[in-house]
Structure formats: C-alpha cells, structure tokens
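**Q** Take a look at the following structure, please.
The values are calculated or read from the model by the stated rules, or taken from the named source; none is laboratory data. Worth saying up front: this structure is predicted, and the values here are computed from it rather than measured. Here the Cβ positions follow ideal geometry from the backbone for every residue, glycine too, while neighbour counts run over all protein chains shown.
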Amino acid sequence: MSDLSCRLATFDDLAAMRGVMTRAIDELQQGFLDPAQVAASHAIMGLDRQLVEDGTYFLVEIDGCVAGCGGWSRRATLYGNDGSAGLREPRLLDPAHEAARVRAMYTHPDFARRGVGRHILAAAETAAAAAGFRAAELMATMAGEPLYRACGYRAKEAVIDRVGSVDIPLLRMVKPLNPTAP
C-alpha cells in the first residue's frame, strides 16, 4: 500500500481541496447523474470553510499527493458549500439527541477505490463518537451511496434538490455510533 496519511485540514489546504472537489464532482458523478445534473451539483457541493474552522475536516494524502478530504460537523447543516446559503444552519447539535453530520466527502479520481473514503469516514466517525455523538447522518450523492451503505449507513429519506430547473437526487442516510465512555 502507498504511504497514506490523514490530518486535520488547514486554510493553507483550501486551494488543493477545491481542486479535488471539482474533479471529484465532475468525474466521479458520471454514470450516476446526467451532464446537467453534474454541472448543477457544483451549486450544492464543494468547500465548506466552517468545517476547517471548526477543526473537524480531514485531508488524506498518498505519497505526498492530496487524495481526498472530508469530515464531520457538530453543526446542524447537513450538506452544502460556502455559497449555499439556504442550506446553512450553524446551530450546534445536541450529541445526546441529534446525529453528528458527516460532511463534504471527496476523493480525487486518481485515488478512487483505494480506501481513501473509508479512511476519512472512519476518522470522522471516531471523532464524532469521541465528542459524545451516538449517531452520524449524511446526505449521500448517488455516487457516494454504495460506499456509505457498505460502511453501515442506512437510507432514511430520498431527497431531490432542485438547482434552477435541474433535479439532483440525494439520499439521507444514518448510522449508529459507539461513543467512547467518559
């Protein structure tokens, strides 16, 4: 296996992460969405700087190259990017009664199917459980749904997000976590 490392993302990583996100959306959504849906996806997917600011966003490198990024949040926002104002809900969640949010998971297409997404997902779930969350919730793209299902997430609700005149199918998914004892 190549040398894989995982660390918290910093603001110095933003440009590299944007590049990964753009390529992931444009290339990995093919076969799951039509070209208009892929193009419209950029309005609701991509960088959420709040995750970096909160210290809950990870960056994975393989052999020194940015292979992916993703994380979790203790905020109510389920998905969206810096520009998707209608999707933003900065309220802090109650870990005893609400699920942590797994957010903004992206793998560089050159590193797809090499365990990057599973690695980030495990890091996010571990951190959320350590913060006292008993469950994790996410909004899956159609391309991401097989990974999440394989990692124990179950469908909760099919969702259509309309961007202009384009409908983008999404799937709200949940998974119980095993919080560490205090």
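**Q** Might you let me know whether the stretch 71-80 holds any residue that is crowded, with 20+ Cβ neighbours inside 10 Å, of a type outside the set (Ser, Thr, Tyr) and at pLDDT below 95?
**A** Checked the stretch 71-80: at least one residue is crowded, with 20+ Cβ neighbours inside 10 Å, of a type outside the set (Ser, Thr, Tyr) and at pLDDT below 95.
**Q** Then there's this: So which residues in the stretch 94-132 are in contact (Cβ under 8 Å) with a residue 40 or more places away in the chain, under 13 Å from residue 51 (Cβ atoms) and of a type in the set (D, E, K, R), if there are any at all?
**A** The one that is in contact (Cβ under 8 Å) with a residue 40 or more places away in the chain, under 13 Å from residue 51 (Cβ atoms) and of a type in the set (D, E, K, R): 103.
**Q** Here's another thing I want to ask about it. Any residue at all in the stretch 136-143 that is over 20 Å from residue 7 (Cβ atoms) and hydroxyl-bearing (Ser, Thr, Tyr)?
**A** Within the stretch 136-143 (the criterion being over 20 Å from residue 7 (Cβ atoms) and hydroxyl-bearing (Ser, Thr, Tyr)), the answer is yes, since at least one residue qualifies.
**Q** When you check residue 113 against the structure, is it over 21 Å from residue 15 (Cα atoms), modelled with pLDDT under 95 and either surrounded by fewer than 20 Cβ atoms within 10 Å (Cβ to Cβ) or aliphatic (A, V, I, L, M) (or both), yes or no?
**A** yes
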